[in-house]
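I am attaching a structure below and will ask some questions about it afterwards.
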Amino acid sequence: MSATKLSPQRAKQILSAAQKTRVLVVGDVMLDQFIWGGVSRISPEAPVPVVDFARESFMPGGAANVARNLISLKTPAELFGAIGNDDAARKLQKLLGEQNIGCAGLVKNSARHTSIKTRIVAQQQQIVRLDRETRGALDAKTTAKLLAEFKAQLASADAVIVGDYGKGVVTQPLLNEIKSLCRERGVWLSLDPKPVHNLNLSNLSLVTPNRKEAFELAALADDTKNENPFADKNLMLVAERLLNELRPAVLLVTLGELGMLLCQRGQKPFHIPTVAQEVFDVSGAGDTVIATFTLAIAAGASPIEAAILSNHAAGIVVGKVGTAVTTPEELLKSF
């Protein structure tokens, strides 16, 4: 089954209703640093480009970028995670405050380094990325503190997003408790997985792996690729296996330039072709997808409507450089 249409009127209705909802985001928060410059020569010391510095910019990354996407689409968001007691944490909190992202749920742990990803970009091309972070699992005391903050805010939430980027905040005890709390209260729970983590991801409302992650989660080799997802036997097998083993309400596999595949148990998969015009930078596109899909569901959209809306949002952000976001105006214009 291929994509039906989502009318601009219905998209507007969903985005408008989303403004009256509230989404909690839990996971690995980061600070994204971009160093911008130009290249006109190769270094005499080694065969590497010499970047002439022009400027630098900072923005919230990881789970903080998911929250940033929600806020940009006028959906109130509260962020939960762990930060160090360092300059990067202070800079991140200042940025979050400026963008009206609630961050009372960010728990300080002096033994951890706030994750910083430094990207050096020249002529709109990323040349290198430098990561400074702690990747060890979050200790029981900090996890308990984070969960106490989360529980206090859950009563007034319409949906929860867990962003696992493999930096140690999303542990099995944390995920089990969040699943249990959301199930008790009937709250929608979305998760962006990191297969390397090997967590039990069963019984979630939404799981959003990209193609590579989906194959890793299903423990299958990705040795074929077909332009038509329905003719891609391995992809269909992966989708079926994940639906049966993880039993999510919705499985959304993002396929890059081939769009996305929406799968639900007992229904035929639904393919949504990409609407991206130009692709400059795919960093952060997964954050946009899970944020837009979840806010749409919280606003009363069907999974198909939510998938079409998030596909449009992703098509906009990949046309921008850096971890970008979109606005309701841009999104509606894309219809």
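How large is the convex hull of the C-alpha atoms of the stretch 64-104 per residue, in Å³?
Each residue corresponds to 59 Å³ of Cα convex hull volume.
Hey, what's the per residue convex hull volume over the C-alpha atoms of the stretch 41-157, in cubic angstrom?
133 Å³
Using mean Cβ contacts within 10 Å as the protection proxy, how do 105-111, 89-95 order, highest first?
89-95, 105-111
Right, here's the next one. Do the sum for the chain: with -39,500 (n - 2.57) for every DSSP H run of n ≥ 4, divided by all residues, what is the mean residue ellipticity at 222 nm, to the nearest 500 deg cm²/dmol?
Result for the chain: -11000 deg cm²/dmol, rounded to the nearest 500.
Over every pair of different alpha-carbon atoms in the stretch 161-213, take the mean of 1/r and invert it; report that Kirkwood radius in Å.
After inverting the pairwise mean of 1/r, the radius is 11.4 Å.
Let me ask another. Please work out how much length the chain gains when fully extended from Asp222 to Glu245, using 0.36 nm per residue of separation minus the C-alpha to C-alpha distance, in nm with one decimal.
6.4 nm
Which GluC sites (Glu not before Pro) in the stretch 200-280 pass both tests, a DSSP loop state and at most 11 other beta-carbon atoms within 10 Å?
Glu227, Glu278
Another one. Taking other Cβ within 10 Å of each residue's Cβ, how do Met59, Met260 sort, fewest first?
With the sparsest Cβ surroundings first, the list reads Met59, Met260.
In the stretch 116-161, if every C-alpha pair distance is counted and binned at 10 Å from zero, what percent goes to each bin?
P(r) over the stretch 116-161, rounded to whole percents: 20, 25, 25, 23, 8.
Which of Ala249, Val317, Leu332 sits closest to the plus end of the dipole of the stretch 228-335, meaning its Cα is farthest towards the positive end, when Lys and Arg get +1 and Asp and Glu get -1 on the C-beta?
The listed residue farthest towards the positive side: Ala249.
Taking neighbour counts of Cβ atoms within 10 Å as a proxy for exposure, in what order, fewest first, do Val317, Val51 appear?
Exposure proxy ranking, most exposed first: Val51, Val317.
Among the trypsin sites (Lys or Arg not before Pro) in the stretch 124-223, which ones are in a DSSP loop with at most 14 other Cβ atoms within 10 Å of the Cβ? Mind listing them?
On the way: sites: Arg129, Arg132, Arg135, Lys141, Lys145, Lys151, Lys167, Lys179, Arg183, Arg185, Arg211, Lys212; in loops: Arg135, Lys167.
Those satisfying the criteria are Arg135.
Can you give me the orientation-averaged projected area of the convex hull built on the Cα atoms of the chain, in nm²?
Working: hull surface 70.2 nm².
The orientation-averaged projected area of the Cα hull of the chain comes to 17.5 nm².
For the chain, which DSSP H helices look membrane-span-like by this rule: Cα extent along the axis of 18 Å or more and mean Kyte-Doolittle of at least -0.5? Working shown, then result.
Working: long enough: 140-154 (20 Å, 0.09); 172-185 (20 Å, -0.78); 233-246 (19 Å, 0.32); 285-298 (20 Å, 1.50); 303-317 (21 Å, 1.05).
Flagged H segments are 140-154, 233-246, 285-298, 303-317.
Another question, then. Provide the net charge surrounding Ala89, with neighbours chosen by a C-beta distance below 11 Å and charges set as Lys +1, Arg +1, Asp -1, Glu -1.
+3
Place a point 7 Å from the Cα of Arg135 along the Cα-to-Cβ direction; which residues of the stretch 75-106 have their backbone N under 15 Å from it?
none
Since every read-out is calculated from the coordinates, none of them should be taken as a lab result. This structure is a prediction, so every number in the text was calculated from the model and none was measured. So basically every Cβ, Gly included, is an ideal-geometry build from the backbone, and we count neighbours across all protein chains shown.
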